[in-house]
Structures are given as structure tokens and as C-alpha cells.
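The structure follows.
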There are 2 protein chains.
Amino acid sequence: MSRGIPEATVARLPVYLRVLRELDSEGNDTVSSVHLAELAGVNAAKVRKDLSFLGSYGTRGVGYEVPYLIFQMSRALGLTHERGVVIAGAGHLGQALANYRGFSDRGFNIVAMIDVDPSKIGMKMSGVSVVGPEDVVDVVNAHPGCIVVIATPQSAAQAVADRAISAGVKSLLNFAPGVLTVPDDVRVRKVDLGLELQVLSFYAEQQERSSAGAKSA
Amino acid sequence: MSRGIPEATVARLPVYLRVLRELDSEGNDTVSSVHLAELAGVNAAKVRKDLSFLGSYGTRGVGYEVPYLIFQMSRALGLTHERGVVIAGAGHLGQALANYRGFSDRGFNIVAMIDVDPSKIGMKMSGVSVVGPEDVVDVVNAHPGCIVVIATPQSAAQAVADRAISAGVKSLLNFAPGVLTVPDDVRVRKVDLGLELQVLSFYAEQQERSSAGAKSA
């Protein structure tokens with residue numbers, strides 16, 4: 001199913017793609033594995049290995065062609081054609097996601113928001129139609145292969161997932177805290193908004209301890 | 001500064017911590033490196049290596065003590081005491097973050113939101129006071145070591161970062177697309193809300209290609 005590309009490599013492809021697009025917008029035609037590695041925050045050997053899974057090997061002394069690599073990566077990630085996205089939960093997070101430029105820029109088409117609040121159903125919010133939970137089946141049938149983004153409170157997340165899965169959805173992106181129980185053929189990815197904050201906290205902590213040490217020395 | 005813990009290890013600590021808390025809430029006292037690896041989506045050798053940086057080696061045949069590992073990890077990540085967080089941008093994303101349980105649960109105290117909109121300044125939104133950009137210095141001085149979360153449109157992100165840095169902020173969490181230019185002693189982590197969507201898209205794409213192949217065969 002994944003053509004033998006390791007999961008960790010797949011998770012890095014969007015990072016490479018973001019970096020490559022930045023390089024492209026700055027007018028760079030080629031990039032070395034060392035430079036790409038630096039910008040993506042991994043080591044150069046890993047970059048070369050990862051890109052080899054896409055059939056890209058670069059040219060010694062020149063590096064990789066940026067536009068071609070963008071094309072290859074976009075194709076692997078399925079970004080060369082549109083894919084429907086349904087956002088469950090039309091609260092602040094759901095609306096922030098509906099407004100998020102990084103979705104539509106990458107071929108994701110937000111086809112509907114789902115909410116239980118009767119005052120929201122039938123409205124357009126952030127340019128997207130809000131439908132009720134009973135309309136999920138219709139929305140999913142109209143957009144085969146769509147991804148459902150769960151932006152509800154945790155208490156509603158499992159029920160929303162169950163309903164989406166019954167309607168035939170195979171891919172869920174979960175922003176709610178906690179774990180979802182899903183059948184084997186359904187893929188869930190989790191976004192933990194607090195993760196990077198903890199990484200920053202780690203470094204701030206180290207810095208503060210080392211300056212406290214320097215002061216007392 | 002980082003006491004020799006590799007950056008990739010630091011980035012995995014919050015993932016381990018999340019898994020460990022789930023195990024703890026389910027009443028597990030110990031966990032093997034193999035099980036922890038499975039839940040965290042890495043391999044067991046990497047888990048053992050990562051935990052050794054914290055001075056944790058586990059016990060053969062028993063594994064690691066969950067509560068002690070949680071304590072060690074929380075301490076390394078600086079989560080055992082409160083740290084201030086300032087959210088720049090009181091739009092949908094800023095308010096979603098202010099409401100996000102995963103922040104306050106982990107010792108992060110959202111001390112203020114900053115916005116340029118006069119109709120928001122002076123209000124409480126999602127329980128957090130909104131102040132104007134000119135108040136950043138006061139807020140930062142009142143909360144030494146605070147982290148600034150940039151949840152503004154991209155067009156405002158660099159100016160917000162510059163102002164925070166002038167006020168003495170050393171840690172920025174950037175949700176806006178695009179790259180921030182900051183001095184060497186300031187650490188920026190980026191959250192790309194579209195990243196995991198692309199990972200799901202990759203697998204959906206593979207699955208669709210393989211079923212298309214199966215049908216045509």
C-alpha cells in the first residue's frame with residue numbers, strides 16, 4: 001500500500017516539500033542534500049535516503065533540481081489533484097482551519113463543516129457551508145476519498161469518528177485530545193497543538209538553568 | 001545548552017509523555033520499550049536510546065516505571081512549574097488555542113492575548129485578557145521566560161515577532177505560514193497545520209492506486 005516507503009519518511013515529505021517551495025519562491029533551481037537537510041532539520045544522509053524512495057538521486061556537485069523534486073513530492077503526496085476535506089466542528093478551531101491558507105494551497109478543498117448547533121447549520125462560515133450530523137453520509141458520498149478533520153470537543157470526537165467511518169471515510173485527522181478507536185483499515189493522524197510548545201519549553205528551561213548556573217558560579 | 005540531548009530526541013519527548021500519560025490513566029505501572037515504541041510510532045532501539053539521555057534505562061523483563069518516567073520527562077520539558085504563554089492574534093486560531101486544554105494541562109499559563117483590533121482590546125476572550133501591541137513589553141516583563149505564540153495572519157507575523165523579541169522574548173511558536181527572521185539567540189518552532197493532512201493524503205493516494213490496480217487487473 002505504501003510502496004515500501006517507511007512511515008517516518010512519509011512524515012518528512014511534507015517538511016521537505018515546504019522547504020523546497022520556499023527555495024523555489026526565492027528563485028533557487030537546485031539544492032544540495034546538505035542544504036536541504038539543514039533547512040528541514042534532519043541530517044544529509046537521511047535526506048538522500050528519503051529522496052531515493054521517490055526515485056530521486058540528485059547530481060554530484062549540483063544537487064537536486066528543485067522544481068522537479070516539488071513535482072515528484074506533490075505527486076507522491078497526492079497533491080496534484082484536489083481532495084475533499086470535511087471539518088467536523090464549526091467552533092473557533094474548525095473556523096481557523098477553514099480559513100487556513102495552507103489547506104487550499106495544497107490541493108485540499110474544504111467541502112463542508114459539520115456541527116450540531118442548529119443556529120450554525122445551513123449557514124456559511126469562513127466561506128464553507130455548515131451541515132448537520134445527519135448530512136455526513138451525503139457529503140462523504142459526494143466526495144469519495146475525503147478526509148474528515150475532527151475539530152470538536154473531546155467528548156464528541158469518538159461519536160463523530162464512528163459516524164464518519166460508517167459513511168465510508170478511511171482517513172481522519174484528529175485535533176481533539178485523547179485516543180480514537182477505529183477499525184484497522186482506517187488511518188488516524190493526530191495533531192497535538194501543545195507538542196511544539198513543550199519543545200520550546202525544554203530549551204527555555206535549559207537556557208534558564210545554564211544562566212542560573214553562570215550567575216551562581 | 002541542551003546538555004547534549006539531540007534535537008530529534010527532544011522533539012520526541014512530548015510524544016512519549018503523551019503516550020505515558022495515557023498508559024498511566026489506564027492504570028499501567030510499567031511499560032516495555034517495545035510497547036512504548038509501538039504507541040509512539042518509533043522503533044524500540046530509538047526509545048531506549050532516547051530515554052537513556054534522561055538517565056532512564058528500565059529494568060530487564062519489567063520495562064520502565066510509568067509514573068517515574070512521566071516525572072523525569074515533565075522535569076526535562078520544564079512542565080513541573082508554570083510558564084507564561086502570550087498569544088498574538090485573537091482571531092479564530094488564537095481563541096482556539098486559548099481554549100485548548102492541552103496547554104493549561106501541561107503547566108502553560110496563557111497570560112494574555114495581543115490584538116490590534118480596538119474592539120477586542122480590553123475584553124476577555126476565551127477567559128484571557130486581550131491587550132494592544134503597545135502592552136507587549138509590560139506583559140513580557142511580568143512573565144519572564146514566556147513563550148509568544150504567533151496566531152496572526154502571515155502579513156503581521158514578522159512585525160509581531162520583532163516586537164516580542166525587542167521586549168526580550170527568546171521563544172516563539174509560529175502558526176503563520178512563511179519563514180520568520182530572528183536573531184541567533186531566539187528559538188522558533190513552526191506548526192504546520194497542513195502537514196498531517198498531507199501524510200493522510202499520501203496513504204489515501206496509495207490505497208486508491210492499489211484498488212484501481214486491483215480493479216483493472
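The values are calculated or read from the model by the stated rules, or taken from the named source; none is laboratory data. Bear in mind the structure is a predicted one, so any value in this text is a computation, not a measurement. Virtual Cβ from ideal backbone geometry, glycine too; neighbours counted across all protein chains shown.
Can you name every residue in the range A:130-144 that is surrounded by fewer than 18 Cβ atoms within 10 Å (Cβ to Cβ) and either within 14 Å of chain B (Cβ to nearest Cβ) or among the aliphatic types (A, V, I, L, M) (or both)? Step through it out loud before you land on a result.
Step one: filter the range A:130-144 for residues surrounded by fewer than 18 Cβ atoms within 10 Å (Cβ to Cβ), giving A:132-135, A:137-138, A:141-142, A:144.
If the condition is that a residue be surrounded by fewer than 18 Cβ atoms within 10 Å (Cβ to Cβ) and either within 14 Å of chain B (Cβ to nearest Cβ) or among the aliphatic types (A, V, I, L, M) (or both), then A:Val137, A:Ala142, A:Pro144 are the ones that fit.
Given the residues A:Gln198, A:Gln206, which is the only one that is out of contact with any Pro (no Cβ under 8 Å at 6 or more places or on another chain) and either at negative phi or within 12 Å of chain B (Cβ to nearest Cβ) (or both)? Write out each step before concluding.
Details: A:Gln198 fails: out of contact with any Pro (no Cβ under 8 Å at 6 or more places or on another chain).
Residue meeting the stated conditions: A:Gln206.
To continue, here is another question. Return the only residue of B:Gly61, B:Gly89 being at positive phi and either more than 14 Å from every other protein chain (Cβ to nearest Cβ) or β-branched (Val, Ile, Thr) (or both).
Working: B:Gly89 fails: either more than 14 Å from every other protein chain (Cβ to nearest Cβ) or β-branched (Val, Ile, Thr) (or both).
Within the list B:Gly61, B:Gly89, the selection yields B:Gly61.
If you don't mind, another one. Please work out if B:Pro153 is surrounded by fewer than 19 Cβ atoms within 10 Å (Cβ to Cβ), within 13 Å of another protein chain (Cβ to nearest Cβ), closer than 23 Å to A:Val149 by Cα and out of contact with any Gly (no Cβ under 7 Å at 6 or more places or on another chain). Full working, then the answer.
Working: surrounded by fewer than 19 Cβ atoms within 10 Å (Cβ to Cβ): yes; within 13 Å of another protein chain (Cβ to nearest Cβ): yes; closer than 23 Å to A:Val149 by Cα: yes; out of contact with any Gly (no Cβ under 7 Å at 6 or more places or on another chain): yes.
So B:Pro153 fits the description; yes.
One residue is enough: does the range B:155-170 have a residue meeting the conditions in a helix (DSSP H, G or I), farther than 21 Å from A:Gly102 by Cα, in the same structural domain as B:Asp115 (by TED's automatic domain parsing) and aliphatic (A, V, I, L, M)?
At the first step, the residues of the range B:155-170 found to be in a helix (DSSP H, G or I) are B:155-166.
Among the residues that remain, those that are also farther than 21 Å from A:Gly102 by Cα are: B:162-166.
In the following step, the residues that additionally are in the same structural domain as B:Asp115 (by TED's automatic domain parsing) were identified as B:162-166.
Restricting the remaining residues to those that are aliphatic (A, V, I, L, M) gives B:164-165.
Yes, some residue in the range B:155-170 is in a helix (DSSP H, G or I), farther than 21 Å from A:Gly102 by Cα, in the same structural domain as B:Asp115 (by TED's automatic domain parsing) and aliphatic (A, V, I, L, M).
Of the residues A:Ser119, A:Ser33, A:Ser56, which is among the small types (Gly, Ala, Ser), over 26 Å from B:Tyr203 (Cβ atoms) and more than 12 Å from chain B (Cβ to nearest Cβ)?
Details: A:Ser33 fails: over 26 Å from B:Tyr203 (Cβ atoms); A:Ser56 fails: over 26 Å from B:Tyr203 (Cβ atoms).
Exactly one residue qualifies, and that residue is A:Ser119.
I want to confirm something. Restricting to the range A:85-115 and keeping residues that are small (Gly, Ala, Ser) and in a loop (DSSP other than H, G, I, E, B), which single residue is nearest to A:Ala161 (Cα to Cα)?
Taking the range A:85-115 as the starting set, the residues that turn out to be small (Gly, Ala, Ser) are A:88-91, A:94, A:96, A:98, A:102, A:104, A:107, A:112.
Within this subset, residues satisfying the condition of being in a loop (DSSP other than H, G, I, E, B) are A:89-91, A:107.
Values: A:Gly89: 12, A:Ala90: 15, A:Gly91: 17, A:Gly107: 23 Å.
If we take residues in the range A:85-115 being small (Gly, Ala, Ser) and in a loop (DSSP other than H, G, I, E, B), then A:Gly89 is nearest to A:Ala161 (Cα to Cα).
Need pairs with beta-carbon distance below 6 Å; first residue free of Cβ contacts under 8 Å to residues at least 12 places away in the same chain and within the range B:114-126, second assigned to a loop (DSSP other than H, G, I, E, B) and of a type in the set (Gly, Ala, Ser); sequence gap 6+ or separate chains.
Close Cβ pairs satisfying both conditions: B:Ile121/B:Gly132.
Just checking, does the range B:40-51 include any residue being in contact (Cβ under 8 Å) with a residue 12 or more places away in the chain and either within 21 Å of B:Val188 (Cα to Cα) or touching a Phe, Trp or Tyr at 6+ places or on another chain (Cβ under 6 Å) (or both)?
Yes, some residue in the range B:40-51 is in contact (Cβ under 8 Å) with a residue 12 or more places away in the chain and either within 21 Å of B:Val188 (Cα to Cα) or touching a Phe, Trp or Tyr at 6+ places or on another chain (Cβ under 6 Å) (or both).
Inside the range B:171-195, can you point out the residues that are without any contact (Cβ under 8 Å) to a residue 24 or more places away in the chain, in a loop (DSSP other than H, G, I, E, B) and either closer than 21 Å to A:Arg189 by Cα or at the interface with chain A (Cβ under 7 Å from one of its Cβ atoms) (or both)?
B:Pro177, B:Val179, B:Val191, B:Asp192, B:Leu193, B:Gly194, listed by residue number.
Scan (1) within 14 Å of another protein chain (Cβ to nearest Cβ); (2) surrounded by fewer than 21 Cβ atoms within 10 Å (Cβ to Cβ); (3) within 19 Å of the chain's Cα centre (by Cα) for the single condition B:Gly127 breaks and write down its number.
Here B:Gly127 clears every test but (3).
Find all pairs meeting these conditions: Cβ atoms under 6 angstrom apart; at least six residues apart or on different chains; first residue within the range B:58-87 and farther than 19 Å from B:Ala45 by Cα; second residue charged (D, E, K, R) and in a loop (DSSP other than H, G, I, E, B).
That search, which allows pairs on different chains as well, returns B:Leu79/B:Arg106.
So A:Asn99 fits all but one of (1) crowded, with 19+ Cβ neighbours inside 10 Å; (2) in the same structural domain as A:Asp115 (by TED's automatic domain parsing); what number is the exception?
(1)
All but one of (1) part of a loop (DSSP other than H, G, I, E, B); (2) free of Cβ contacts under 8 Å to residues at least 60 places away in the same chain hold for A:Gly145; state the number of the condition that does not hold.
Only one criterion is unmet by A:Gly145, namely (2).
Within the range B:159-170, work out how many residues are under 20 Å from the mean Cα position of the chain (by Cα) and either within 12 Å of chain A (Cβ to nearest Cβ) or not β-branched (Val, Ile, Thr) (or both).
Result for the range B:159-170: 4.
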